[in-house]
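The values are calculated or read from the model by the stated rules, or taken from the named source; none is laboratory data. Model, not experiment: these values are computed from the prediction. Virtual Cβ from ideal backbone geometry, glycine too; neighbours counted across all protein chains shown.
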Amino acid sequence: MQKLLLLGDEAIAQGAIDAGLSGIYAYPGTPSTEIMEYVQASKEARSNNIRALWSANEKTAMESALGMSYAGKRAMVCMKHVGLNVAADAFVNSAITGANGGLIVVAADDPSMHSSQNEQDSRFYAKFSFIPLLEPANQQEAYDMVHYGFDLSEKLRIPVMLRITTRLAHSRTGVVCKAQKEQNEIKLPENLRQFVLLPSIARKQYRELLAKQIPLENEAAQSGYNQFLEGHDKSIGIIACGLAYNYLIENYADHKVPFTVLRIGQYPIPLSMMNRLYEESESILVLEDGYPIIEELLKGMLNKGKTIHGRLDGTVPRDGELNPNIVGIALGMKIEIGVDAPALITNRPPKLCDGCGHNDAFLALNEALDEYGRGRVFSDIGCYTLSALEPLESINSCVDMGASITMAIGAADAGLVPAVAAIGDSTFTHSGITGLLDAVNNNSPVTVLILDNSTTGMTGGQTSSAYGKVEDICRGVGVAEEHIRVLKPLHKFHEENVRILKEELAYQGVSVIIPRRECIQTLNRRMRQKAKAKTMDI
Amino acid sequence: MTKDIILAGVGGQGILSIAACIGMAALEENLHLKQAEVHGMSQRGGAVQSHLRLASTEIASDLIPEGKADLVISVEPMESLRYLPMLKPDGYIVTSMNPFVNIPNYPDMELLLKEIWKQPKYITLDADEIARECGSVKAANMVVLGAASPFLGLSNASLEKAIVAIFGSKGEDVVALNQKAIKAGRDYALAHI
């Protein structure tokens, strides 16, 4: 069997290609982006005609994947954890429609918020939706679980969630691959009303979904992804979910844990296994790389049973990613760390690249806003969010994809005029268009900057759905032609840009200003490729 | 055999190519390997690190436990000190002395070097200058890799093979430059241990 050196994300992608994938749908988001990128770069995927293009947002991606499942083929949809909020309407209801062709939803969580606004745990979504969930402990399991997940999805006609975290997504190791499977043929659902969620049908399907929980639990008991590992010391029974198991065994020589361990990789968790651990052990320690979900369930509201240790009683920190030291301390071990870093070391936060067009756009905006005072710029998710920090300190909000325009509407309604929104081109087509329509319909006095760097920059330069379409979209939504202004954010045009910004800030209606200059990173990459192509010609 | 390595630098400085070379050489020697990388926001000029673990037996955690790293390899002097809590008491620091100043409050260079030289085991080198002598300052990270090579527990032959595998598509010149840079870094380290 072929062994490849793969990131967790790449292992999932290769697993999907090998398991007979027909299409993958996604919107870029750290730490999930590399799954789609791997399929896009894969020659196998191309020769097998696997559909692999970015979607406008996670909801459209989720729905397209569901459509492919309807047609009987295997589909995967990938997103970061907060992307699941965007896709939630489709995701939750997909449990009730069920699947036809295998459907895997990959949610990449980011405990410790390395590149995110929160550390929500996608296991909650799976439980909330009655969708089975797989949580790999390593890259090999991630690969294998894709195969298993597609089979499970088709066997029980239900979408399956694969939940990973940043650490697994962005860690590389050797992965053994299986033989490639053929893709499914088109095959319609046996019941052509399966996907019609009229109340009368939805009620019936919902009861079927509830009834599926027993076979799903049985699957989780038999698949091998949940393991009961008997130990000789019964003073603590340990529940270790996903990656937490690695951190647990890291603390013991030869990885031999003296305690009984229930290793969790598949949900819903079989009650029989949980019960056995509880009965056998004097106390319980729960290790979860995310929210204390199992811990809360086990403890109950009144906490009148055996002692349960974990994040809720402070044995493990309440927030943030786990690591071997945290788990060692939770086990009462003495941890010796290295010497402290010297005090003269300073923080080095990320910042906008040298030569980035956003810099020039915000310098012009700052000057244009001087007469109104600071504190009126609502922004969004992207590289430009870094303009909140020194030296620019231009923006005053970053909440969720698309919130800039709509928050500006509300603030303007409250009397904060002019209110400004600053949103990137890719974020605009992700979730900004509907907000702009609201602004037009309200005739809100807002100035919307669509910072167009012609790519999805923060995640590494993926194709932007907005490319070449921004003005047309704004016109189509109803923004007046004379208030759609395109700028070139360069130092030499600073005075002119400030003047245009001032004109539009003074306008008592919706204006859209589009500072447009290609992302310096994608530009450099394009130039390098061009130079390479040229030398090859010679 | 186990070898736990922290790679440190600033986003965009190319620590992942050092990691790739070590990783490839480790595969050549049939070692187990785990390498936790940093992608996303921090890559925009922020402090970045990668945990690289090599072992002859299965590796559990993707992250190196604090206080257990054998080696900090850094392409930037201040970044080499940031990860001291990760380093074993007898661990080695191998770092370039060339600062990457993209913040207004970068510490005084003299004080910084004094801090590094206070540590029990270190190699500090002017990787940019050595790389220039080899033909291009772009190979500075390979000079640092070379300087770290005596502490990796990997053979020189495996590292050279890794360079061919990774840079082969960029042409013979690039392979030759990187191999020269690795050797120059190694020679410097061996003369200064």
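Inside region B:31-50, can you point out the residues that are touching a strand residue (DSSP E or B) at 6+ places or on another chain (Cβ under 9 Å) and part of a loop (DSSP other than H, G, I, E, B)?
Passing the criteria: B:LEU31, B:GLU37, B:VAL38, B:HIS39, B:GLY45, B:GLY46.
Quick grid of which residues meet (1) modelled with pLDDT of 95 or more; (2) touching a Ser or Thr at 6+ places or on another chain (Cβ under 9 Å); (3) assigned to a helix (DSSP H, G or I); (4) surrounded by 22 or more Cβ atoms within 10 Å (Cβ to Cβ):
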{"residue": "A:LEU277", "(1), (2), (3), (4)": "yes, yes, yes, no"}
{"residue": "A:LEU298", "(1), (2), (3), (4)": "yes, no, yes, no"}
{"residue": "A:VAL339", "(1), (2), (3), (4)": "no, no, no, no"}
{"residue": "A:ALA364", "(1), (2), (3), (4)": "yes, no, yes, yes"}
{"residue": "A:LEU392", "(1), (2), (3), (4)": "yes, no, no, no"}
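For region A:466-477, state whether one or more residues are among the small types (Gly, Ala, Ser), under 19 Å from A:ARG517 (Cα atoms) and crowded, with 21+ Cβ neighbours inside 10 Å.
Looking for residues that are among the small types (Gly, Ala, Ser), under 19 Å from A:ARG517 (Cα atoms) and crowded, with 21+ Cβ neighbours inside 10 Å, one finds at least one in region A:466-477, hence yes.
Based on what the data block shows, is A:ALA330 out of contact with any Leu (no Cβ under 6 Å at 6 or more places or on another chain), within 14 Å of chain B (Cβ to nearest Cβ) and buried (at least 21 other Cβ atoms within 10 Å of the Cβ)?
So A:ALA330 fits the description; yes.
Are any residues in region A:97-118 under 21 Å from A:VAL160 (Cα atoms), more than 14 Å from chain B (Cβ to nearest Cβ) and not β-branched (Val, Ile, Thr), and if so, which ones?
Residues of region A:97-118 that are under 21 Å from A:VAL160 (Cα atoms), as a first pass: A:97-110.
Filter once more, so that each one left must be more than 14 Å from chain B (Cβ to nearest Cβ): A:97-107.
Result: A:GLY98, A:ALA99, A:ASN100, A:GLY101, A:GLY102, A:LEU103, A:ALA107.
Kindly evaluate A:PRO317 against the criterion of being surrounded by fewer than 22 Cβ atoms within 10 Å (Cβ to Cβ), within 30 Å of A:ILE158 (Cα to Cα), away from chain B (no Cβ under 11 Å) and within 28 Å of the chain's Cα centre (by Cα).
Spelling it out, it is not the case that A:PRO317 is surrounded by fewer than 22 Cβ atoms within 10 Å (Cβ to Cβ), within 30 Å of A:ILE158 (Cα to Cα), away from chain B (no Cβ under 11 Å) and within 28 Å of the chain's Cα centre (by Cα).
Scan region A:400-419 and tell me whether some residue there is polar (S, T, N, Q) and surrounded by 24 or more Cβ atoms within 10 Å (Cβ to Cβ).
Yes, there is a match, as at least one residue in region A:400-419 is polar (S, T, N, Q) and surrounded by 24 or more Cβ atoms within 10 Å (Cβ to Cβ).
Tell me which of these A:LEU523 doesn't satisfy, since it passes every other one: (1) away from every other protein chain (no Cβ under 14 Å); (2) over 29 Å from the mean Cα position of the chain (by Cα); (3) assigned to a helix (DSSP H, G or I).
(2)
Tell me which residues, restricted to region B:1-39, are buried (at least 22 other Cβ atoms within 10 Å of the Cβ), among the charged types (D, E, K, R) and touching a residue at least 60 places away in the same chain (Cβ under 8 Å).
B:ASP4
Within the bounds of region A:274-287, is there any residue that is in contact (Cβ under 8 Å) with a residue 12 or more places away in the chain, in the same structural domain as A:GLY314 (by TED's automatic domain parsing) and β-branched (Val, Ile, Thr)?
The answer is yes, given that some residue of region A:274-287 is in contact (Cβ under 8 Å) with a residue 12 or more places away in the chain, in the same structural domain as A:GLY314 (by TED's automatic domain parsing) and β-branched (Val, Ile, Thr).
Given (1) under 30 Å from B:ALA55 (Cβ atoms); (2) part of a helix (DSSP H, G or I), where does A:ARG263 come up short, assuming only one miss?
Every listed condition holds for A:ARG263 apart from (2).
Quick check on this structure: which one of A:ALA90, A:ALA45, A:ALA65 is buried (at least 24 other Cβ atoms within 10 Å of the Cβ) and part of a helix (DSSP H, G or I)?
A:ALA65
If the requirement is being of a type in the set (D, E, K, R) and part of a loop (DSSP other than H, G, I, E, B), which of these qualifies: A:GLU471, A:GLU518, A:GLU496? Spell out the reasoning first.
On the way: A:GLU471 fails: part of a loop (DSSP other than H, G, I, E, B); A:GLU496 fails: part of a loop (DSSP other than H, G, I, E, B).
Every option except A:GLU518 fails the conditions.
Please pick out the residue among A:GLY357, A:GLY328 that is within 24 Å of B:GLN49 (Cα to Cα) and either in contact (Cβ under 8 Å) with a residue 12 or more places away in the chain or among the acidic types (Asp, Glu) (or both).
A:GLY328
Mind counting the residues in region B:8-22 that are within 12 Å of B:LEU33 (Cα to Cα) and either of a type in the set (Gly, Ala, Ser) or facing chain A (nearest Cβ under 10 Å) (or both)?
Adding up the residues that qualify gives 2.
Consider region B:99-128. How many of its residues are within 23 Å of B:ALA69 (Cα to Cα) and in contact (Cβ under 8 Å) with a residue 24 or more places away in the chain?
Residues that pass the stated criteria total 12.
Can you confirm whether region A:295-302 contains a residue that is farther than 19 Å from A:ILE239 by Cβ and within 9 Å of another protein chain (Cβ to nearest Cβ)?
No.
Would it be correct to say that A:VAL286 is assigned to a strand (DSSP E or B), crowded, with 19+ Cβ neighbours inside 10 Å, β-branched (Val, Ile, Thr) and modelled with pLDDT of 95 or more?
Here the answer is yes, as A:VAL286 does meet what is asked.
Have a look at A:VAL440, A:VAL420, A:VAL399, A:VAL479 and point out the one that is assigned to a strand (DSSP E or B) and modelled with pLDDT of 95 or more.
One residue alone meets the criteria, A:VAL420.
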